Amino acid sequence: MRSTIFSMTSDRLNKMRNPPHFPPKKQRTILLVDDSEVDRAVYRRYLNKSADYDYHFIEAETGKTALEIYPNALPDLVLLDYFLPDIDGLEWIRRWQQKYNKNPCPVIILTGQGNENIAVKFIQLGAADYLVKDQITAERLNFSVQKELIRQEEKQKFTQIIQSQNEQLLEVNRLLNEQMNCGENSECSLSNNKKKLHCAVFNAPIPVLVHAEDGEIMHVNQTWTELSGYTIEDIPTTAEWTEKAYGRKQKTVKSFIDRLYELNQRVEEGEFKIRTAGGQFRIWNFSSAPLGRLLDGRRLVISCAKDVTEIKQAKIAAQQSEIQFRQTFEQAAVGMAHVAPNGQWLRVNQKLCAILGYNEKELLEKTFQEITYPDDLEPDLAYVRQVLSGEIESYSMEKRYIRKDNACIWMNLTVSLFRNQTEEPEYFICVIENIQKRKNLELSQAQALKRLSNLHQIDKAIIEAQTPQAIATIAINNIQDLSTCQRVSVVTFDSQRQTATTLVTQGIAEQTAQQGLETNLNLWQTLIERLQASEQSYVVSYLSQSPQLLSAMPEVAVSGLDCFICFGLKLQNKLLGILKLWVEDAQEISAEQLTMIEEISIQIAIALQQANLTQASRNYALELENKVRERTTQLEEINQELKAFTYSISHDLKAPLRAIQGFAIALQEDYADKLDELGQEYTSRLATSAEQMERLIQDLLAYSRLSRTEIYKKPVNLTSVVNKALEDLEIQITEVKAEITVDRPLLNVLGNRTILQQIVENLLSNALKFTSSKVKPQIHIRTEEYPENVVRLWIEDNGIGIEAQHQERIFEVFERLHGNETYPGTGIGLAIVKKGVERLGGRLGVESDVNLGSGFWVELPQIKE
Ligand code: ADP
């Protein structure tokens, strides 16, 4: 005690004189087993922050490497990743323990995800701690690692103490034996004995106190002082010892000590909690023995103690760990159990009882075999055999149990075997998780998928516009897939023909229902009315109860079928037919199946409607095709007639005309002297009329030709077209003394030279013709470039002009604004221009003011060189 105070004082002095120095860090080796380099770097960084420890890291990426390097590395602690590339953490620990003796050093598990089941298994296997990677901080990791290292150090210290205590005890034993032998041996001197005894007591490795009957303490050995902190000076009497070491309990202990002097043999007093001079508590297990009398007659007692503080602490720690395990077991969110190798439940948690509906007592009386769903028993037992034989370490399976209320429940079972030290199977550790919800979900998902796929198949058939028979067959196949019905058929109604026709039938006696079997719609009337009145989309009927239906379905009369469910094939309130399902018992069809069949019946109705529409549109298209064919024949006939007509004009009409012209000229030339003035005028008029008629015929033929002949388009040089026109019309130009200007070169266009020649000549001759006698005719020919590669050819005059209201109609055949006497013509010129431009794919128009002149324009695509 004193020396401790002294040392503290000198420590303080030292600190004042010298700069503070920290105790050196403890060197420790850590084996890092993790395949993620990044994770390892993080752990190294975190651990290097430790103020107390200096870590040396040895790293391994796989479980196998870690197992191989372990004996050379001999780490103080292992940080182990749960998911290793080759084996998992559980397996690693098992192999490691097997290879290098049970739990050579603490192992801390690091895992990417928190999983209670795995945590429990690790703790059962002896792992020190279990850390979830996402939640690891530098503090958390250092705390966990240091806690384990300190525990390890304490354990080592404790082992050393026990070892040295044992050695020292052996020594005391040896000395005492020696002394006893000396007592018997007269050759040994008494003082020699005393010395030896004193020496033995003083050096004994256990606390020893020799005290006399009046309470005087005669000897306190070195170990006593070391462990309790009290020297003989501190506790000269047992009264002072009890006061210091026992506090409030001093009196009880003192009276206990006082009774020791009556002893005549060794007594085990048991454990006492003493307070050391330093204020800590230690647990000492006392035993005392009589040691004779002093010379003054006082009886002596020797009291020895065994310091069991560490053992006690270790026991408490073990108890706490057991409590922790129990709590984990009891409070786990999953069912947990220990099961004997024969299947008897040995220990079950509350959660498992709740899942299975038994109380703990009831469940412990059963075996797992008794409450396993029969179909799942054999696969489970097969696994059990494999685990027992050591073929596999553990297994996981999905299986069904039967609850107390007889309901069947799906569970996920994970099992591993606990073997005792002699490797005998002791019990199975089972983690049982209720997966009924997931199973339900899977089931309903599978059903929904099936449903969707059925509907999809029918949709596909509708889109592919298969026949109603084909679509109904697919639908029926799907229905038979979904439910257990004996026979299914689709019947369509035709309200116009008042018939019901069987489209498709499948199932019992299907051969009796010929496809297309027709019955009178009246026979179905009651059924139709019931369907229309029903709130549901179906009605259930019994053949035995409605004889009129038997006549509607003569084909089933012999088959022994009776109950059938009828779904209306309804679309926009129109009943197109029915879907009939023959079943043994209508109750057997679940509500869900009915919904699915209803969905399919809607699809069939759509298919029927679609088929009807398709048929109608096919009929319509056929009708149209026939009409077009008829019209084309008519047109061909007309065209033929027109051709014949043109032919007759050009040949038959021209011949008599030439005769008239010829004879008129003959009369004028040969009989001029014989005809009076009136006769000569008649002859002249005859010639003029014949000439006019010839022009008319020519123009009509030109117009008709333009409509019929095939046209080839090429680049056309407009300058040369205009030059030719000016040449052709030279006589007319000279006659009216017209002044013509051409903006040469004109732009080139895509067109047809012959047609363009005619267009330009017609427009130019009109410009020369429709002039006023008062104004000198001036004509301007030019081309203009328009956007999008278009050229406009203008022929502009200063003639009589055209009133706005006539500007459109002058382009039609025979539309003229003047009498033949004023301005002679046929009224076809501009119609030819229009037809020609149309056939070239161009546009035309006129801009005109009365008495000021007109500008005719033609638009065609430009050709650039
Ligand atoms: P035609 O010249 O044989 O009478 P067209 O079809 O060529 O027949 O012309 C139809 C009518 O358009 C003409 O009768 C005339 O009234 C009017 N017309 C045509 N070109 C001009 C023009 N350049 N100036 C004034 N009127 C015109």
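Mean projection of the alpha-carbon convex hull of the chain over all orientations, in nm²?
Average of the hull's projected areas for the chain equals 86.2 nm².
For the stretch 306-436, what is the accessible area per residue in Å² when the probe is 1.4 Å? Please report the intermediate quantities before stating the final value.
Working: 6840 Å² over 131 residues.
Heavy-atom SASA per residue in the stretch 306-436 reads 52 Å².
In square nanometres and to one decimal, what's the mean projected area of the convex hull around the Cα atoms of the stretch 113-152? Write out the running numbers ahead of the final one.
Details: hull surface 11.8 nm².
Approximately 3.0 nm², given one-decimal rounding.
Distances over 11 Å make up what percent of all Cα-Cα pairs in the stretch 730-772?
More than 11 Å apart: 73 percent of the Cα pairs in the stretch 730-772.
Which lysines have a Cα lying under 16 Å from the Cα of LYS714, excluding residues fewer than 8 positions away in the same chain?
Candidates past the 8-residue exclusion: LYS864.
So what is the 222 nm mean residue ellipticity for the chain from helices alone, if each DSSP H run of at least 4 adds -39500 (n - 2.57) and you divide by all residues, rounding to the nearest 500 deg cm²/dmol?
-15500 deg cm²/dmol
I want the antiparallel fraction of DSSP beta bridges within the chain, as a percent rounded to 5.
Within the chain, antiparallel bridges account for around 80 percent of the total.
Rounded to a whole number, what is D in µm²/s for the stretch 70-136 from Stokes-Einstein with the Kirkwood radius over alpha-carbon pairs (10 °C, 1.306 mPa s)? It would help to have the intermediate numbers written out before the result.
On the way: Rh = 12.1 Å.
So the translational diffusion coefficient is about 131 µm²/s.
Taking loop as defined by DSSP and a crowding limit of 12 other beta carbons within 10 Å, which trypsin sites (Lys or Arg not before Pro) in the stretch 19-124 fit?
Working: sites: LYS25, LYS26, ARG28, ARG40, ARG44, ARG45, LYS49, LYS64, ARG94, ARG95, LYS99, LYS102, LYS121; in loops: LYS25, LYS49, LYS102.
Hits after loop and neighbour filter: LYS25, LYS49, LYS102.
Using only alpha carbons, build the gyration tensor for the stretch 393-486 and give me the equivalent ellipsoid semi-axes, biggest first, whole Å.
49, 14, 10
Past the 26 Å Cα-Cα mark, which pairs from LYS121/LYS315; LYS26/LYS157; LYS155/LYS254; LYS312/LYS351; LYS25/LYS147?
On the way: LYS121/LYS315 22 Å; LYS26/LYS157 15 Å; LYS155/LYS254 34 Å; LYS312/LYS351 34 Å; LYS25/LYS147 16 Å.
In this structure, LYS155/LYS254; LYS312/LYS351 exceed 26 Å between Cα atoms.
Any aspartates and glutamates with Cα under 15 Å of the LYS713 Cα? List them, leaving off those in the same chain fewer than 8 positions away.
In chain and number order, the partners are GLU838, GLU859.
Provide Rg and Dmax in Å for the stretch 273-355, with only Cα atoms included in the calculation.
So, for the stretch 273-355, Rg and Dmax equal 24.7, 79 Å respectively.
Could you calculate the contour length gain from ILE711 to GLU240, that is, 0.36 nm times the residue separation minus the distance between their Cα atoms, to one decimal place in nm?
Between ILE711 and GLU240, full extension yields 155.5 nm more.
For the stretch 711-823, what number results from the quotient of the Cα radius of gyration and 2.2 N^0.38 Å?
After normalising by residue count via 2.2 N^0.38 Å, the value is 1.13.
From the P(r) of the stretch 596-665, could you give the percentage of C-alpha pairs in the tail past 18 Å? Could you put the intermediate results ahead of the total?
On the way: 1694 of 2415 pairs.
When all Cα pairs of the stretch 596-665 are counted, 70 percent exceed 18 Å.
Say each of LYS737 and ALA655 gets a label point 7 Å from the Cα, pointing the same way as Cα to Cβ; how far apart are those two points in nm?
In this crude spin-label approximation the distance works out to 4.8 nm.
Quick one: compute a quarter of the convex hull surface over the Cα atoms of the stretch 31-100 and quote it in nm². It would help to have the intermediate numbers written out before the result.
Values: hull surface 18.1 nm².
Result: a mean projected hull area of 4.5 nm².
Out of the chymotrypsin sites (Phe, Trp or Tyr not before Pro) in the stretch 797-864, which ones are loop residues according to DSSP with at most 16 other C-beta atoms within 10 Å? Each step should come with its number before you reach the end.
Values: sites: PHE811, PHE814, PHE856, TRP857; in loops: PHE814.
Sites meeting the loop and neighbour criteria: PHE814.
Separation of the stretch 742-812 and the stretch 374-452 by C-alpha centroid, Å?
100
How many percent of the accessible area of the stretch 546-608 is carbon or sulfur, using a 1.4 Å probe?
51
Hey, rough spin-label estimate for ARG497 and GLU167, points 7 angstrom out along Cα→Cβ, what's it come to in nanometres?
11.5
Can you pull the three principal axis extents for the Cα set of the stretch 347-442, in Å, largest first?
Each principal axis gives a Cα extent; for the stretch 347-442 these are 41, 32, 20 Å.
What lysines could a cross-link reach from LYS737, if we take a straight Cα to Cα line under 19 Å and drop same-chain neighbours fewer than 8 places away?
Qualifying lysines at Cα under 19 Å: LYS724, LYS769, LYS774, LYS776.
If packing is taken as the average number of other Cβ atoms within 10 Å across a peptide's residues, how do 474-480, 582-588 rank, most packed first?
The most tightly packed comes first, giving 474-480, 582-588.
So how far apart, in nm, are the two label points at LEU817 and SER648 if each is 7 Å from Cα heading toward Cβ?
Going by the 7 Å Cα→Cβ label model, 3.6 nm.
Identify the GluC sites (Glu not before Pro) of the stretch 386-460 meeting these criteria: DSSP loop state and at most 10 other C-beta atoms within 10 Å of the C-beta. Each step should come with its number before you reach the end.
On the way: sites: GLU391, GLU393, GLU398, GLU423, GLU426, GLU433, GLU442; in loops: GLU391, GLU393, GLU423.
Hits after loop and neighbour filter: GLU391, GLU423.
Between VAL132 and GLU426, what FRET efficiency comes out of the Förster formula 1/(1 + (r/R0)^6) with R0 = 25 Å and r the beta carbon distance, rounded to 0.05?
0.25
Among 405-412, 674-681, how do they line up by average Cβ neighbours within 10 Å per residue, starting with the highest?
For the peptides 405-412, 674-681, the packing ranking is 405-412, 674-681.
The values are calculated or read from the model by the stated rules, or taken from the named source; none is laboratory data. No experiment lies behind these values; they were computed from the predicted model shown. Every residue, glycine as well, gets a Cβ built from its backbone with ideal geometry; the counts of neighbours run over all protein chains shown. Protein only, heavy atoms only, side chains kept; ligands, DNA and RNA dropped before computing areas. Shrake-Rupley method; radii C 1.70, N 1.55, O 1.52, S 1.80 Å.
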